[in-house]
1. Please give the peptides 106-117, 81-92 ranked by average Cβ packing (other Cβ atoms within 10 Å per residue), highest first, as a rough proxy for protection.
2. When the helix-only estimate is applied to the chain (DSSP H runs of n ≥ 4, each -39,500 (n - 2.57), divided by the residue count), what is the mean residue ellipticity at 222 nm, nearest 500 deg cm²/dmol?
3. What ranking of 48, 17, 27 emerges when the number of other C-beta atoms within 10 Å of each C-beta is taken as an exposure proxy, fewest first?
4. Once the convex hull of the alpha carbons of the chain is built, what does its volume come to per residue, in cubic angstrom?
5. So how tilted is helix 112-133 from the main axis of the chain? Cα-based, degrees 0 to 90, rounded to 10.
6. Relative to the first principal axis of the alpha-carbon coordinates of the chain, what is the inclination of helix 93-104, with its axis defined by its Cα atoms, in degrees from 0 to 90 and to the nearest 10?
7. Extending each Cα 7 Å along its Cβ direction at residue 73 and residue 49, get the distance between those two points in nm, one decimal.
8. On alpha-carbon atoms, Rg over Rh for segment 27-102 using Kirkwood Rh?
């Protein structure tokens, strides 16, 4: 099965693809960080009507939903121009971005083992990308 390249106007080409990837990583990471902040604000999950109403009105939850929705549409554009066997592993860069966001934005401690994991993820992506070009 071959991957079809779809001309989507200004997004067509290498620069457009890089911009889509940056947008995907940003929106998915933002969704995770918004969810974390909102979860901390909402407290115990007791699933009462009041709690559900608080969830529905929480700006962090609404921002997370908007982020995930945006990420979905960007992901669809990426999949139209990339093979899934490369695109899905590349999406693991979201793990790296969330780790950086939780460290820089939320002040979470990141252990040495986590940093080693980042190196392994990035090395794996480099290997996959090299294999794709061969």
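1. For the peptides 106-117, 81-92, the packing ranking is 81-92, 106-117.
2. Values: 6 runs with 102 residues, N = 134.
Value at 222 nm, helices only: -25500 deg cm²/dmol.
3. Working: 48 9, 17 15, 27 20.
Sorted ascending by nearby Cβ count, the order is 48, 17, 27.
4. So the per-residue Cα hull volume is 146 Å³.
5. Rounded to the nearest ten degrees, it is 30.
6. Relative to the chain, helix 93-104 is tipped by roughly 40 degrees.
7. Once both label points are built, they end up 3.5 nm from each other.
8. Details: Rg = 15.0 Å, Rh = 13.8 Å.
Rounded to two decimals, Rg/Rh equals 1.09.
Readers should treat all values here as calculations from the given coordinates under stated rules, not as data from a laboratory. Only a predicted model underlies this, so the values are computations on that prediction, with no experimental measurement involved. We place every Cβ from the backbone using ideal geometry, glycine too, and count neighbours over all the protein chains shown.
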